[in-house]
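The structure appears below as C-alpha cells.
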2 protein chains.
Amino acid sequence: MKEFFEAKSIAVVGVSRDKRKVGSIIFNQLLKNFKGKLYGINPNVNTLYGCKIYKNLSSINSPVDLVVVAIPSKFVIDVIKELPSVKCKHVVIITAGFKEIGNEELELKLKKEMDKRDIKAVGVNCLGIYDSFSGIDAIFLPSDRVHRPGKGGISFICQSGAVGGAVLDLLASKGYGISKFISYGNATNLDSIDYLEYLGKDKNTKVICMYIEGLSDGKKFMEICREIDKPIIILKGGLTKAGNKAALSHTGALAGDPRVYLGAFKQAGIIYADSLENLFDYGRMLEKSIKPKGNKVQVVTNGGGFGILSVDSIVLNNLALADISKENKKALKKIFPKLVIVDNPMDLVGDATDERYDIALEYCCKDKNIDIILITLDYQTPLITSNIVNVISKYKNEKPIIVSLTGGEPTEKIRKILESRGIVCFDYPEKAVRAIKKLVDYST
Amino acid sequence: MKEFFEAKSIAVVGVSRDKRKVGSIIFNQLLKNFKGKLYGINPNVNTLYGCKIYKNLSSINSPVDLVVVAIPSKFVIDVIKELPSVKCKHVVIITAGFKEIGNEELELKLKKEMDKRDIKAVGVNCLGIYDSFSGIDAIFLPSDRVHRPGKGGISFICQSGAVGGAVLDLLASKGYGISKFISYGNATNLDSIDYLEYLGKDKNTKVICMYIEGLSDGKKFMEICREIDKPIIILKGGLTKAGNKAALSHTGALAGDPRVYLGAFKQAGIIYADSLENLFDYGRMLEKSIKPKGNKVQVVTNGGGFGILSVDSIVLNNLALADISKENKKALKKIFPKLVIVDNPMDLVGDATDERYDIALEYCCKDKNIDIILITLDYQTPLITSNIVNVISKYKNEKPIIVSLTGGEPTEKIRKILESRGIVCFDYPEKAVRAIKKLVDYST
C-alpha cells in the first residue's frame with residue numbers, strides 16, 4: 001500500500017489539452033509538487049504543458065510505481081490490462097460511472113481484471129489521494145479552489161469526494177495540518193479496511209479520521225479498529241433510512257442499520273462524531289493534546305459569562321469540575337485583587353492582565369486536584385495583550401490546556417498563533433468541552 | 001427607554017488622561033461616531049482629547065439626555081444625586097463592585113437613590129449599549145479590539161459583558177449586522193423585562209436574542225415574551241447547579257431550576273438555544289428567511305456526501321423530506337444527464353454547472369411538495385463559478401432557500417456575498433438543518 005504514498009514514478013492516464021479536465025488538473029498538480037518521474041498519457045498528442053506525452057503506458061518503456069486513471073469508464077479496463085507493461089500494481093481510478101449509477105456489471109468486470117493481475121486500486125469514483133509529507137497530490141480539484149493543508153498528524157479516509165475536498169480546503173484555511181488524505185469512492189477492491197490497516201502502521205499518522213457511508217465487512221473492520229493503537233474517529237453518512245437510501249446511489253454503499261453501527265463503534269473503541277465539524281474537532285484534540293490523568297476540568301477565564309457557559313457544558317458532558325486545593329485557593333486569594341473569584345470557574349475578571357493568567361496557570365498546573373485546564377480567553381478586554389500566547393505556551397507540556405476564544409479577526413489571529421504552538425483551540429466553549437470529553441474517554 | 005438609544009446629548013463621567021481607561025474609551029468612541037452634543041466629566045482636568053472637560057454634571061448648565069458613568073463604585077451615588085441638575089433620567093452605569101462581589105448594601109442604596117428620582121439605569125457592572133442605527137456607542141471595549149457590527153435586524157440583550165463583547169466582534173467579522181446591543185450586568189433597576197418590552201416595539205428590531213443568567217420576575221418575563229410578536233431566542237447561563245453557583249457570583253443572579261426555565265420558555269413561545277453559536281444561527285435564520293408553508297425540506301447538492309449528511313440531519317431533527325412531484329421529477333430527469341440523481345437529496349453531481357443549479361431551483365420553487373430548499377453547495381468542484389450567487393439570489397423570494405457551504409477562503413467569499421444578498425448561509429449542513437427546524441417551529 002505504501003506505493004501509493006511513496007511512489008517515485010507516476011503516470012497520469014487522461015491528460016488533456018483542456019487544462020480544466022480532471023487528468024490535466026492532476027498532471028499539473030504533480031508537475032508542480034512531485035519530485036519523482038512523471039509521465040502523461042494521451043494517444044492523440046505529443047506534448048502538453050511542456051512535457052512529452054506518451055501514447056499509452058506500454059510506450060513508457062520503464063517501470064512506473066503508480067498510475068492515476070482519469071478517462072471515461074468504458075476505457076478503464078484497457079488501462080488495467082496495460083499495467084503489467086510498466087510493472088505497476090497500484091492505481092488510483094478517479095473515473096465515475098460504475099455501480100453508483102447502476103453499472104454494477106462494469107465495476108465487477110473491472111474488479112475481476114484487477115484481481116487477476118493482483119492490482120490494487122484506490123477508487124473508482126473518487127477524488128484521489130494526497131500526502132503532505134511526500135508531496136504526492138493526485139486530487140482532481142484545482143489547488144486554487146481547494147487549498148491543500150500542510151503537514152500534520154491527522155490522516156483522513158473519506159468515502160465522499162465532496163466532503164473530502166471541502167474538508168481539505170477548510171483545514172488548510174484554518175491552518176491545521178494533515179498527513180494523508182484518501183478519497184476512495186466505490187471501494188472497488190481496496191476498502192476502508194485496507195486503508196485503516198495501512199494508516200495504523202504509518203508513522204506520520206497520529207489520529208485517523210474517517211467519513212464512511214458503508215462497510216463491506218463490518219466485523220473485520222471493527223477487529224482492525226480494535227487492534228490499532230491510535231484514536232480512530234468516524235462520521236457515518238446514511239445513519240437514517242433516508243440517508244442510507246441516498247448513500248446507496250452515491251457510492252453504492254449498503255449502509256446497514258444505524259443502531260448496529262453505533263453499538264459496534266463503541267465496542268471497537270471508535271470515537272463517533274455526530275457532525276463533520278466534530279470529526280475534526282475531536283481529531284485535532286486527540287492529535288495535539290497531551291493525555292489527562294483524569295476527568296477533572298478547571299475553567300480559567302476573564303469573561304464571567306464564558307466561565308458559566310463552560311461550567312454548564314462540563315456538567316452536561318458528564319465531566320467533573322476540578323476543586324482547587326485549599327492551600328492553592330488561599331494563596332491565590334492572597335495574590336489576586338478582591339474582585340477575582342478563585343473557584344471553578346476561576347474568574348480573573350475584566351481587568352485581568354497576562355500576568356494574572358500566568359499566576360493562575362502556574363497554580364492550576366501544580367494543583368493535584370486538576371487534570372485539565374480549559375481557558376476561556378476573552379481577548380476583547382483591554383489589558384490582555386498578544387503576549388498571552390507566550391504565557392499560555394509556557395505551560396502546555398505540564399497539563400492538557402485547551403483554549404476557547406470567541407471573537408472576530410483580532411481573536412482569530414491569537415487563535416492561529418496558539419494553534420501553531422501546538423495548543424488546541426476552539427471558537428466556542430461548548431465545542432471545547434465536547435472535545436475534552438472525547439479526550440478524557442479515550443485517555444482514561 | 002428610547003432616550004438611551006436616541007439621546008441627542010450625552011455626558012461621560014470618568015473621562016481620564018489615561019486613554020485605556022473605560023471612561024476614556026467610551027468618550028473617544030462617542031467623539032468619533034456620535035452626532036449629538038458630548039460632554040466629558042473629570043474634576044481634575046480642563047481639557048482632554050481636544051475637548052473642554054467639565055468638573056461635574058452641574059457645571060454643564062444645559063440638559064443632558066443620557067449620562068454614562070465609569071468611576072469607582074463608591075462615587076456612583078454622588079453622580080446620581082447630581083442628575084437632576086442636567087434634567088437627566090437615563091444613565092448607563094459601567095462601574096462594577098456591587099452585589100456581584102457581595103456589596104449588596106451599596107447596590108440597594110444606589111437603587112433607592114435612583115428610584116427616588118425616577119432614574120432608569122442600564123447596569124451596574126455592564127459593558128454598555130450600542131445602536132448601529134443612531135451611532136450611540138457606549139461600550140467600554142476599544143473598537144480596534146472589538147469591531148462593531150453594521151446595521152441589522154437582530155437586537156441582543158446580554159447579561160454578560162464578556163459574552164456580549166465577543167459576540168459583537170464575531171458578528172462584525174462575519175459580516176452580520178445588529179440593531180441594538182444592551183449589556184445590562186446586575187440589572188440594578190432596569191431589567192431584562194424592560195429591555196424586552198422596548199425591543200418588542202422597536203421598529204429596527206426584527207428578532208431578539210438574549211443571553212441571561214437569572215430573572216427577577218420569571219412570570220412577568222414569560223408574559224411579556226408571549227405578548228411580543230417577534231422571535232425571541234434565549235441562551236441561559238447557569239443551567240446546571242455549578243453554573244448557577246457561578247452565575248450568582250457573576251451578576252448576582254439567582255438562576256433558578258433549569259427544568260422550570262426550559263418548560264416556561266417553551267410555553268412562552270421562546271426559542272431555546274443550547275449554545276452561543278446556536279443563539280445567532282437561529283437569530284440570523286429568523287431575521288432573514290422568509291417563512292416556510294410547511295416542514296418539507298428538499299436538499300439540492302453537487303456533493304454526494306453532503307447530500308447524505310443533510311438528509312440524515314433532516315430526519316434526525318424531525319423535519320420532513322420533501323418528495324418532488326412525479327411530473328417535475330420526470331421533466332428534470334429528461335433535462336439532466338444520466339448521472340444526476342433527481343430525488344432527495346437531488347444530487348447534481350461533481351460536474352454540476354451553475355446552469356444545472358438554475359434548472360433545479362426553478363423546478364423546486366414551483367413544486368408544491370417542497371416548502372424549504374436546502375442547498376449544500378460544493379464550491380470546490382471545477383464547473384461551479386462565482387455566478388452561482390446570482391443563480392441562487394434569483395429565487396430567494398420564492399421559497400426559503402438556505403445554503404450550507406463547507407470550505408476555506410474561496411468558499412468563505414461566496415458565503416459573504418450570499419449573506420449580503422440576504423440569503424442565510426451555514427458552514428456545515430448539520431447547523432443549517434438545526435436552524436431550519438427552529439424556523440419551521442416558529443413559522444408553522
*Tell me, which strands (runs of 3 or more DSSP E) lie completely within segment A:1-64 with 2 or more residues that are in the same structural domain as A:Val76 (by TED's automatic domain parsing) and closer than 30 Å to A:Glu197 by Cβ?*
A:9-13, A:37-41
*Take the residues in segment B:308-348 that are more than 8 Å from chain A (Cβ to nearest Cβ) and at pLDDT below 95, then tell me which one is farthest from A:Ala166 (Cα to Cα).*
B:Pro337
*Take B:Ala360 and decide whether it is over 30 Å from the mean Cα position of the chain (by Cα), in contact (Cβ under 8 Å) with a residue 12 or more places away in the chain and in a loop (DSSP other than H, G, I, E, B).*
no
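So, of the residues in segment A:275-307 that are assigned to a helix (DSSP H, G or I) and touching a Pro at 6+ places or on another chain (Cβ under 7 Å), which turns out to be farthest from the other protein chains (Cβ to nearest Cβ)?
Residues of segment A:275-307 that are assigned to a helix (DSSP H, G or I), as a first pass: A:276-288, A:304-307.
Next, from what is left, pick out any that are touching a Pro at 6+ places or on another chain (Cβ under 7 Å): A:286, A:306-307.
Working: A:Leu286: 20, A:Phe306: 5, A:Gly307: 6 Å.
In this case the residue turns out to be A:Leu286.
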*Considering segment B:424-443 alone, what residues qualify as being under 19 Å from the mean Cα position of the chain (by Cα) and within 30 Å of B:Ala268 (Cβ to Cβ)?*
B:Val424, B:Cys425, B:Phe426, B:Lys431, B:Ala432, B:Arg434, B:Ala435, B:Ile436, B:Lys437, B:Lys438, B:Leu439, B:Tyr442
*Failed item in (1) under 11 Å from the mean Cα position of the chain (by Cα); (2) in a loop (DSSP other than H, G, I, E, B), with B:Thr188 passing the rest*: (1)
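Only one of these is closer than 18 Å to A:Gly283 by Cα and more than 14 Å from chain B (Cβ to nearest Cβ): A:Arg415, A:Arg421. Name it.
On the way: A:Arg415 fails: more than 14 Å from chain B (Cβ to nearest Cβ).
Exactly one of A:Arg415, A:Arg421 is closer than 18 Å to A:Gly283 by Cα and more than 14 Å from chain B (Cβ to nearest Cβ), namely A:Arg421.
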*asked:* Six or more apart or on different chains, Cβ atoms under 7 Å: show the pairs whose first residue is in segment A:203-229 and within 14 Å of A:Ala264 (Cβ to Cβ) and whose second is at pLDDT 95 or above and among the charged types (D, E, K, R).
replied: A:Ile224/A:Glu197
*All but one of (1) within 24 Å of B:Tyr442 (Cβ to Cβ); (2) not in a helix (DSSP H, G or I) hold for B:Ala352; which doesn't?*
(1)
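Examine segment B:265-284 for a residue that is of a type in the set (A, V, I, L, M), out of contact with any Cys (no Cβ under 9 Å at 6 or more places or on another chain) and within 30 Å of B:Asp191 (Cβ to Cβ), and state whether such a residue exists. Steps first, answer last, please.
So the first thing to find is which residues in segment B:265-284 are of a type in the set (A, V, I, L, M), and the list is B:268, B:270-271, B:273, B:276, B:279.
Keeping just the survivors that are out of contact with any Cys (no Cβ under 9 Å at 6 or more places or on another chain) gives B:271, B:276.
Checking which are within 30 Å of B:Asp191 (Cβ to Cβ) leaves us with B:271, B:276.
Among the residues of segment B:265-284, at least one is of a type in the set (A, V, I, L, M), out of contact with any Cys (no Cβ under 9 Å at 6 or more places or on another chain) and within 30 Å of B:Asp191 (Cβ to Cβ), which makes the answer yes.
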*Test B:Ala264 against the stated conditions and say whether it is aliphatic (A, V, I, L, M) and in contact (Cβ under 8 Å) with a residue 40 or more places away in the chain.*
yes
*Out of A:Asn244, A:Asn295, which single residue is without any contact (Cβ under 8 Å) to a residue 24 or more places away in the chain and surrounded by 18 or more Cβ atoms within 10 Å (Cβ to Cβ)?*
A:Asn244
*Considering only segment A:148-159, state which residues are within 11 Å of chain B (Cβ to nearest Cβ) and of a type in the set (Lys, Arg).*
A:Arg148
*Is there a residue in segment A:250-269 that is out of contact with any strand residue (DSSP E or B) (no Cβ under 8 Å at 6 or more places or on another chain), in a helix (DSSP H, G or I), surrounded by fewer than 16 Cβ atoms within 10 Å (Cβ to Cβ) and among the β-branched types (Val, Ile, Thr)?*
yes
*Hey, any hits in segment A:136-147 for a residue that's among the basic types (Lys, Arg), away from every other protein chain (no Cβ under 13 Å) and either crowded, with 24+ Cβ neighbours inside 10 Å or touching a residue at least 12 places away in the same chain (Cβ under 8 Å) (or both)?*
no
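Considering only segment A:88-99, I want to know if a residue exists there that is assigned to a helix (DSSP H, G or I) and at pLDDT below 95.
yes
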*Give just the number: which of (1) modelled with pLDDT of 95 or more; (2) surrounded by fewer than 20 Cβ atoms within 10 Å (Cβ to Cβ) does B:Lys19 not satisfy?*
(1)
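Please indicate, with yes or no, whether at least one residue in segment A:160-175 is at negative phi, at the interface with chain B (Cβ under 9 Å from one of its Cβ atoms), part of a loop (DSSP other than H, G, I, E, B) and surrounded by fewer than 24 Cβ atoms within 10 Å (Cβ to Cβ).
In the first step, residues of segment A:160-175 are kept if they are at negative phi; the result is A:160-174.
Within this subset, residues satisfying the condition of being at the interface with chain B (Cβ under 9 Å from one of its Cβ atoms) are A:160-174.
So of that shortlist, the ones also part of a loop (DSSP other than H, G, I, E, B) come out as A:160.
Retained after the next criterion (residues that are surrounded by fewer than 24 Cβ atoms within 10 Å (Cβ to Cβ)): none.
No; the residues of segment A:160-175 include none that is at negative phi, at the interface with chain B (Cβ under 9 Å from one of its Cβ atoms), part of a loop (DSSP other than H, G, I, E, B) and surrounded by fewer than 24 Cβ atoms within 10 Å (Cβ to Cβ).
Under 21 Å from B:Gly304 (Cβ atoms), within 14 Å of another protein chain (Cβ to nearest Cβ) and either of a type in the set (Phe, Trp, Tyr) or touching a helix residue (DSSP H, G or I) at 6+ places or on another chain (Cβ under 7 Å) (or both) - does that describe any residue in segment B:390-402? Show your work before the answer.
Step one: filter segment B:390-402 for residues under 21 Å from B:Gly304 (Cβ atoms), giving B:391-392, B:401-402.
Then drop every residue that is not within 14 Å of another protein chain (Cβ to nearest Cβ), which leaves none.
Checking segment B:390-402: not a single residue is under 21 Å from B:Gly304 (Cβ atoms), within 14 Å of another protein chain (Cβ to nearest Cβ) and either of a type in the set (Phe, Trp, Tyr) or touching a helix residue (DSSP H, G or I) at 6+ places or on another chain (Cβ under 7 Å) (or both).
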*Does at least one position in segment A:328-348 carry a residue that is in contact (Cβ under 8 Å) with a residue 12 or more places away in the chain, at positive phi and touching a helix residue (DSSP H, G or I) at 6+ places or on another chain (Cβ under 8 Å)?*
no
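Looking at this structure, is A:Thr406 free of Cβ contacts under 8 Å to residues at least 40 places away in the same chain, under 30 Å from B:Ile25 (Cβ atoms) and polar (S, T, N, Q)?
Details: free of Cβ contacts under 8 Å to residues at least 40 places away in the same chain: no; under 30 Å from B:Ile25 (Cβ atoms): yes; polar (S, T, N, Q): yes.
Spelling it out, it is not the case that A:Thr406 is free of Cβ contacts under 8 Å to residues at least 40 places away in the same chain, under 30 Å from B:Ile25 (Cβ atoms) and polar (S, T, N, Q).
Just to be sure, is B:Glu104 modelled with pLDDT under 95 and out of contact with any helix residue (DSSP H, G or I) (no Cβ under 8 Å at 6 or more places or on another chain)?
In short, yes.
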_Just to verify a result, which residue in segment B:148-159, among those that are touching a Leu at 6+ places or on another chain (Cβ under 7 Å) and assigned to a loop (DSSP other than H, G, I, E, B), is surrounded by the most Cβ atoms within 10 Å (Cβ to Cβ)?_
B:Pro149
*Are there any pairs, at least 6 apart or on different chains, whose C-beta atoms fall under 7 Å, with the first in segment B:426-444 and within 14 Å of B:Asp371 (Cα to Cα) and the second in a helix (DSSP H, G or I) and small (Gly, Ala, Ser), and if so, which?*
B:Val433/B:Ser310; B:Val433/B:Ser313
*Mind telling me which of the residues B:Ile182, B:Ile228 ends up being touching a Phe, Trp or Tyr at 6+ places or on another chain (Cβ under 9 Å) and either crowded, with 19+ Cβ neighbours inside 10 Å or at pLDDT 95 or above (or both)?*
B:Ile182
_Any residue at all in segment A:323-337 that's among the aliphatic types (A, V, I, L, M) and under 21 Å from B:Lys241 (Cα atoms)?_
yes
*Scanning for something outside the structural domain of B:Ile341 (by TED's automatic domain parsing) and among the small types (Gly, Ala, Ser), does segment B:299-310 turn up at least one residue?*
no
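Could you check segment A:201-220 and list, in sequence order, the residues that are over 17 Å from the mean Cα position of the chain (by Cα) and either crowded, with 19+ Cβ neighbours inside 10 Å or charged (D, E, K, R) (or both)?
Taking segment A:201-220 first, the residues over 17 Å from the mean Cα position of the chain (by Cα) are A:214-220.
Within segment A:201-220, A:Gly214, A:Leu215, A:Asp217, A:Lys219, A:Lys220 meet the criteria.
Check whether at least one residue in segment B:380-388 is touching a strand residue (DSSP E or B) at 6+ places or on another chain (Cβ under 8 Å) and more than 10 Å from chain A (Cβ to nearest Cβ), and report yes or no. Spell out how you get there, then give the answer.
Of all residues in segment B:380-388, those touching a strand residue (DSSP E or B) at 6+ places or on another chain (Cβ under 8 Å) come to B:384, B:388.
Next, from what is left, pick out any that are more than 10 Å from chain A (Cβ to nearest Cβ): B:388.
So far as segment B:380-388 goes, yes, one or more of its residues are touching a strand residue (DSSP E or B) at 6+ places or on another chain (Cβ under 8 Å) and more than 10 Å from chain A (Cβ to nearest Cβ).
The values are calculated or read from the model by the stated rules, or taken from the named source; none is laboratory data. Quick caveat, the model's predicted, so the values are computed rather than measured. Reconstructed Cβ throughout: ideal geometry from the backbone, glycine too, with neighbour counts over all protein chains shown.
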